[in-house]
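Worksheet: one structure, shown below.
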Amino acid sequence: MEKQETKLCPNCGTVLPKDASFCPHCTKTFGERVLLTPPAVRWRRYLRRGAAALLVLVLLLAGMVWYRSTRPREYDALGEITYTDEDGSYQLMLCKSNQLYEPLETYHLRALEGDSYRTPVLLCVLDADSGEDVGTEFFAKTARVTAEIPTISGGGGTLACTAPDHHDAFPETTLVSLVDFVVNFDLDSQIIWTIDMENGDTIRLRQNLSIAITQIYDYYPEDVPMETTEDLQALIDDLNTEIPQPASISLHLPAVTYTGVLTLDGVSINLYGSEEDGRRTTFAGTLRIRPEDNSILSCTGIDFMGNGAGTGLEVSNVRVQVQDCAFSRWETGALSSGTAWVNVVNCRFTDNDVGFCFDSEGGIVSDTMFNDNLFADNRTAVLLERVPTDVTMDFRGSRFSGNETDIDNRCNQPVDLSAAVFEQAGD
């Protein structure tokens, strides 16, 4: 018979029952203890980890937003751009003189090969919400404004621009840069304005410059019929359809008198009168100049002789230099209408109801000089109904004699008469 091993309590010595884990006498436990851990709930652990990661992400995004809001910003655009700071939003745009507040990505220009030209590029600034001009307010926030044009290579000519500045001829614009160019063939380039703001931001505003060489066409009486108004009108109508643009067209007129109305529309045409045996090229009817573009045209050496009614020279939607012309016995001798800008230089206005009338609107200015004219025996020598801008019209060297009214300045246009001469009838 197998002998059973007696098991005693290690604490009090009492004999223990078989497989006992504690002493029934002293209650001392002596079996191996196992530490039990309740099972973990996994979704709570994942939630805590996700919350921590989300917090880190939120802090990171907040830091990025703060960094982007405090560091200097850079802008770059073609034609126009909207710039925003703590005060609001501004619409910046590059325009040309006869299209203010109309952003222009590409400025198309025409040039005669080898001739020198100057044209303005205008910076306009509007409130992006109200559309009001806020150029002065915006300019006060700038540290520096510059403009540059990349250097032309390959013998194409020269192309440069002046430093942006305020210009009296364009009072409604913030800044003006004058582009000077001489080209020998068609040329594409770009003017780049850089605006450094006081807060460290940088704005680059660009405008493409596309310059096309203008072909020259001269017509003389020995080449084509020009003896009558009908001949001249037929020639002008043909030129409108036959001459590819851009082009510079000049008609050298014979010393004859044209009767009836002559209209120059479509393409731009220069008119040059002549003198022969004491006679000059003369228009006894109205000459209307109203081409489709805004080129600068010449009307030189022509007499406009009326019968007391109508208008001698009527110009609209174009810039015309009128030189060495005479206007006599018209209701209105020369009229600038529509969006035209007409300069009269070394001309004679005599015995008209109104000698020279400005009644146009827009933003076109070609020259501020109205010098060396004679205004004699007119009811009103100069009538200023509307003038496109508030530039000062300079009448230096002009003589006013025997007019009932020398200047009727109804629109309060700035006029410089300091070097003009005023005489009474009979002086």
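Only one entry of Phe375, Phe400, Phe356, Phe422 meets the criterion of being open to solvent by less than 10 Å² (accessible area, probe 1.4 Å), in a strand (DSSP E or B) and more than 18 Å from Leu313 (Cα to Cα), and that entry is Phe400. Of the set (1) open to solvent by less than 80 Å² (accessible area, probe 1.4 Å); (2) more than 17 Å from the chain's Cα centre (by Cα); (3) among the polar types (S, T, N, Q), all apply to Thr151 but (1).
Scanning the range 271-285 for residues that are touching a strand residue (DSSP E or B) at 6+ places or on another chain (Cβ under 6 Å) and part of a strand (DSSP E or B), we see that the one that is farthest from Glu314 (Cα to Cα) is Arg280.
When the residues of the range 145-178 are filtered to those that are modelled with pLDDT of 90 or more and of a type in the set (S, T, N, Q), the one that is farthest from Ile216 (Cα to Cα) is Thr146. Screening Ile152 against (1) farther than 19 Å from Arg204 by Cβ; (2) in a strand (DSSP E or B); (3) among the hydrophobic types (A, V, I, L, M, F, W, C) leaves a single unmet condition, (2).
Of all residues in the range 221-270, those satisfying the criterion of being assigned to a strand (DSSP E or B), buried (at least 19 other Cβ atoms within 10 Å of the Cβ) and of a type in the set (Val, Ile, Thr) are Ile249, Ile269. Here the range 310-320 is the region considered, the condition is being open to solvent by 10 Å² or more (accessible area, probe 1.4 Å) and modelled with pLDDT of 95 or more, and the residue that is nearest to Ala247 (Cα to Cα) is Glu314.
Per the listing Phe185, Phe181, the residue uniquely modelled with pLDDT of 85 or more, surrounded by fewer than 15 Cβ atoms within 10 Å (Cβ to Cβ) and farther than 24 Å from Val391 by Cα is Phe185. Within the span defined as the range 360-367, every residue fails to be at pLDDT 95 or above and crowded, with 19+ Cβ neighbours inside 10 Å. Checked against the criterion of being closer than 17 Å to Arg348 by Cα and modelled with pLDDT of 95 or more, the candidates Val421, Val415 yield just one match: Val421.
Scanning the range 159-177 for residues that are open to solvent by 30 Å² or more (accessible area, probe 1.4 Å) and of a type outside the set (A, V, I, L, M, F, W, C), which turns out nearest to the chain's Cα centre (by Cα)? Among those that are open to solvent by 30 Å² or more (accessible area, probe 1.4 Å) and of a type outside the set (A, V, I, L, M, F, W, C), it is Glu172.
Of the set (1) free of Cβ contacts under 8 Å to residues at least 60 places away in the same chain; (2) under 26 Å from Asp168 (Cβ atoms), all apply to Met226 but (2).
The values are calculated or read from the model by the stated rules, or taken from the named source; none is laboratory data. Keep in mind that this is a model prediction, so the values were computed, not measured. Cβ sites come from the backbone with ideal geometry, for glycine too, and all protein chains shown count toward neighbours. Ligands, DNA and RNA are excluded from the accessible area calculation, which covers all protein heavy atoms including side chains. Shrake-Rupley method; radii C 1.70, N 1.55, O 1.52, S 1.80 Å.
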